[in-house]
Amino acid sequence: IERSSFWGNKLTNIEIPDQVTYIGAEAFFNNMLKTVTIGSSINSIGANAFKTNGTYNPITSITINRKEGSVSGSPWGASAATINWIGTN
């Protein structure tokens, strides 16, 4: 998923499939996302991938099917989100 791919859309929830290995910087910037689920193939998430403009950030949960700390930079701009690491890789 390239940089700014979904910038400014009105997405509220997203499930990123296992085939995705990269999420670019600001890919989901300025969305209304509340929950994000990311598959086990993710290797890199860019800076501020889930940030919103201003102080309000609706993301409460990011679930990643990887082991804790395996993808650096959390919470990737989602300052109020809980990161749930559920994988073993």
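The values are calculated or read from the model by the stated rules, or taken from the named source; none is laboratory data. As the structure is a prediction and not an experimental result, all values here were calculated from the model. For neighbour counting, all protein chains shown are included, and Cβ atoms are generated from backbone atoms with ideal geometry for every residue, glycine included. Areas reflect the complete protein model, heavy atoms only, side chains present, ligands, DNA and RNA absent. Shrake-Rupley method; radii C 1.70, N 1.55, O 1.52, S 1.80 Å.
Given a Förster radius of 25 Å and the C-beta distance between Ser40 and Thr12 as r, what FRET efficiency does 1/(1 + (r/R0)^6) yield to the nearest 0.05? It comes out at approximately 0.60. Extension gain, Glu2 to Ser74, is 24.1 nm, computed as 0.36 nm per intervening residue step minus the present C-alpha separation.
Surface composition of the chain: carbon plus sulfur atoms contribute 46% of the solvent-accessible area (1.4 Å probe, protein chains only, all chains present). In a DSSP loop and with at most 11 other Cβ atoms within 10 Å, the chymotrypsin sites (Phe, Trp or Tyr not before Pro) in segment 1-78 are Tyr56. Solvent exposure of the chain, expressed per residue, is 54 Å² of accessible area, with all protein chains present and a 1.4 angstrom probe. Extension gain for Ala47 to Thr63 (0.36 nm times residue separation, less C-alpha to C-alpha distance): 4.0 nm. Annotation: amide H-H contacts under 5 Å for Ile23 (H modelled 1.01 Å from N, sequence separation of 5 or more, or interchain): Ser44, Ile45, Gly46.
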